[in-house]
Amino acid sequence: MKLTAFILLTPLFLVGCTTSTPSASSGANTTVNSSIPSEASSSNQTLEQSSNVTQSEDTTEELSDSETYVPVSSVSLNKTSLEMLEDDSSFSLVATVLPEDASHKDVTWSSSDGSVATVFDGNVTPVGVGETIITVTTVDGDKSAQCKVTVKEHVTIPNYVLHGLFNGDTEWTDKQMVINPYSTTEYMIQGVTLHADDIFKIHMYGDTWYGYSAVKTSTKSGLVTAAPTDDNIKVRTTGVYDIYCNYNQSDNGHIYIARVDEPATTSSVVRVTGVSLSHSGKYLLVRNEFILTATVYPSNASNKEVWWTSSDPSIATVTSAGRVIASVSSKVGTTTITAKTVDGEFTASCIVYVSTSQYPDYCLNGLVGGKWVRGWNMKYAGVPLGTGKYLIPDVDLVEDDEITVFTNRGATLKDKYNQTYKKSIKENMSVNIYLDLYATDYEYLSFAAKSGN
């Protein structure tokens, strides 16, 4: 009997040794447990229970000795749903594995439909229209999270239409506008017949949103008028019209309307090609002002209207007529005055420096424009651009001029020989002059064409 019992217990002892090896994952434990012979399991349930207990005790003892393995408890994604267009670039899904100190944070990625979108290392790339599920799965613990990805057909937005009641319509209808080839930010409809008392507005829409642009109206007198409600426009006289519009959040946009079937305007609309200003820069004292004149090109452009803005109105403001004002409350500093054409949105700028001192840091002296200039002067004062850099704007020079730079300390700038720096002029020119006090070659002055010309 004793011999028989010993023989029966020996296989059990061997099984217990095999199953005591710890595993980093539940999947591995399942594999190990499946190696227990079915005969031993069915022959003695009590003995099988004893072997599982042994496994648990052995595993706990080994983990306690190493103290390095921390199992994964969960994984999540930064997006649970995502909409993409079929020509979009890749979108990066980020997987967060918890706890932060988990021993093994490796994950795998998969897409339920690779014809819709593919995924590699979390980067989702659209392929075709449809829906797919992106799944991330942890290697340790088999935890998973999903993101539903919807890929849509690309739709170019925004688009613009004339949205209105035309020629006695009782329901609002649309007239399609197209992009203006002269300005990629402007839409237009040309040669459209509008009738007296028609009402319309500019309708901006896309595949998932729409809105009415709050626009300024720039028109020839008498063509249209504001309707009683909203931002509707009412046509006064039946005719054929060209209509241009732009929606720009910085200036609230514009609508330009021209009647093209009148005898005086039988030719097509003459588009603006550029704009320049009478000044490129200005040294301006507090309590002073000056006029900026905008010249729109060509001279026969149909719409010469411009908008004026100041980059910092607390330094200087500008009126709709181009009058730049440094009020008594203005602070010292630099602002940029910009003129933008309504047609084509061409721009030209003038840098204005407001000061409380009648003695500029630097100014031109010498023979300037064929006339002698000495001491401190405002006409050729330097406008600060940054450390050691100044703009002396709008200087007309003639052949044989010889200019120097005068400082607010009553001295002249020195050349590399410690003599008064002089620049000789060989030909007539109308330029902006730039002063660089840190020029390594001691050539402090350089010349450039006037801004906007």
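The values are calculated or read from the model by the stated rules, or taken from the named source; none is laboratory data. What you see is a predicted model; the values in this text were computed from it and never measured. For neighbour counting, all protein chains shown are included, and Cβ atoms are generated from backbone atoms with ideal geometry for every residue, glycine included. Ligands, DNA and RNA are stripped out before the accessible areas are found, and what is left, the full protein with its side chains, is counted by its heavy atoms. Shrake-Rupley method; radii C 1.70, N 1.55, O 1.52, S 1.80 Å.
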Practice item. Output the residues belonging to region 151-169 that are more than 26 Å from VAL127 (Cα to Cα) and modelled with pLDDT under 70. Key: none
Review point. Among the candidates THR407, THR440, which residue alone is loosely packed, with under 15 Cβ neighbours inside 10 Å, within 44 Å of the chain's Cα centre (by Cα), modelled with pLDDT under 95 and among the hydroxyl-bearing types (Ser, Thr, Tyr)?
Key: THR440
Check your understanding: Does THR356 meet the test of being closer than 19 Å to THR293 by Cβ and modelled with pLDDT of 90 or more?
Key -> no
Point to revise | Number of the exception - ASP343 against (1) part of a loop (DSSP other than H, G, I, E, B); (2) within 30 Å of GLU305 (Cα to Cα); (3) open to solvent by 30 Å² or more (accessible area, probe 1.4 Å) | key: (3)
**Study point:** From the options ALA339, ALA449, ALA348, ALA411, residue that is within 30 Å of VAL270 (Cα to Cα) and free of Cβ contacts under 8 Å to residues at least 24 places away in the same chain
**Key:** ALA449
Revision key, fill the gap. For region 276-291 the number of residues that are in contact with a Lys or Arg (Cβ under 8 Å, 6 or more places away or on another chain) and part of a strand (DSSP E or B) is 4
Review point. Among (1) part of a strand (DSSP E or B); (2) open to solvent by less than 70 Å² (accessible area, probe 1.4 Å), where does GLU131 come up short?
Key: (2)
**Study point:** Qualifying position, being among the β-branched types (Val, Ile, Thr) and free of Cβ contacts under 8 Å to residues at least 40 places away in the same chain, among VAL405, VAL383, VAL368
**Key:** VAL368
Review point. When region 384-396 is examined, which residues are found to be open to solvent by less than 80 Å² (accessible area, probe 1.4 Å) and either at pLDDT below 90 or in contact with a Ser or Thr (Cβ under 7 Å, 6 or more places away or on another chain) (or both)?
Key: PRO384, PRO393, ASP394
Review point. Among the residues of region 85-101, how many are more than 19 Å from the chain's Cα centre (by Cα) and either polar (S, T, N, Q) or open to solvent by less than 50 Å² (accessible area, probe 1.4 Å) (or both)?
Key: 7
Review point. Taking region 298-332, which residues are under 11 Å from VAL286 (Cβ atoms) and either without any contact (Cβ under 8 Å) to a residue 24 or more places away in the chain or in contact with a Phe, Trp or Tyr (Cβ under 8 Å, 6 or more places away or on another chain) (or both)?
Key: SER329, LYS331
Review point. Looking at region 327-340, which of the residues that are hydroxyl-bearing (Ser, Thr, Tyr) and closer than 18 Å to LYS450 by Cβ is most open to solvent (accessible area, probe 1.4 Å)?
Key: THR336
Exercise for review: Just name the residue that is farthest from the chain's Cα centre (by Cα) out of those in region 102-120 that are under 21 Å from GLU131 (Cβ atoms), of a type outside the set (S, T, N, Q) and surrounded by 19 or more Cβ atoms within 10 Å (Cβ to Cβ).
Suggested key: VAL116
Check your understanding: Name the pairs: first residue in region 268-288 and surrounded by fewer than 16 Cβ atoms within 10 Å (Cβ to Cβ), second residue among the charged types (D, E, K, R), Cβ to Cβ under 9 Å, at least 6 apart or on different chains?
Key -> SER268/ASP242
